[in-house]
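*Asks:* Dumping the structure here so I can ask a few things about it.
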Amino acid sequence: MAPRRNSITPDLQREFIARLATTGIVKQAARHIGKSLEALYKLRARPGAEEFAAAWDKALDWGVLRLEDCAMERAIAEGLSNLHANSMLAFVLRWRSLRMVPESHVVPGHWLYERIRREVLAEWEASMDALAETRVRTHQEHGQAVPVALCGRTASSESS
């Protein structure tokens, strides 16, 4: 079955992401592929579109970096006499400084430290759960009792 005429096909999605990475402007990338902002945002929010949403976020990051470079180049080329170029440069520098955190500031309680801590702990928990699941399955397959340390760690250990 062919896709509907108005659907946002994988090819259009890739084209949108490429344009977004080039421009950093969602509306411009949407216009480039002939689709509305509303349709793209609906697609982004749809279950199963997580890869598209992640690519969108990454493309925006690249687009913003490109815009920052353009603002810096313009400000340097036009010098101190152009107030518009200087206000763009001030904005870019202020924006960059918000994203850059000195390593010495990343301590317990700092937002970045806590974000990294949550991510690492979530990965560790997932790997420990997977390991416990494997060990429980191995014990069950061999007719052995499941060690108390594994009980409650996995869903399958509760059914044994």
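*Asks:* Set the Förster distance to 45 Å, then compute FRET efficiency between ILE76 and ALA149 from the Cβ-Cβ distance, nearest 0.05.
*Replies:* Taking R0 as 45 Å, the efficiency between ILE76 and ALA149 is 0.15.
*Asks:* Listed highest first by mean packing, meaning other Cβ atoms within 10 Å per residue, what order do 44-50, 30-36 come in?
*Replies:* 30-36, 44-50
*Asks:* If you take the beta carbon distance between MET100 and ALA49 as r and set R0 to 25 Å, what does 1/(1 + (r/R0)^6) give as a FRET efficiency, to the nearest 0.05? Working shown, then result.
*Replies:* Working: r = 31 Å, r/R0 = 1.23.
Calculated value: 0.20.
*Asks:* Moving on. Taking 0.36 nm per residue of sequence separation and subtracting the Cα-Cα distance, how much length would be gained by fully extending the chain between LEU121 and SER87, in nm to one decimal?
*Replies:* 8.1 nm
*Asks:* When ranked by the protection proxy of mean other Cβ atoms within 10 Å per residue, highest first, what sequence do the peptides 16-22, 58-64, 142-148 form?
*Replies:* In decreasing order of mean packing, 16-22, 58-64, 142-148 become 16-22, 58-64, 142-148.
*Asks:* Label-point separation (nm) for GLU38 and ASP129, each offset 7 Å from Cα along Cα-to-Cβ?
*Replies:* 3.8 nm
Every number in this text was worked out from the coordinates using simple rules, so none of it is lab data. Worth saying up front: this structure is predicted, and the values here are computed from it rather than measured. Reconstructed Cβ throughout: ideal geometry from the backbone, glycine too, with neighbour counts over all protein chains shown.
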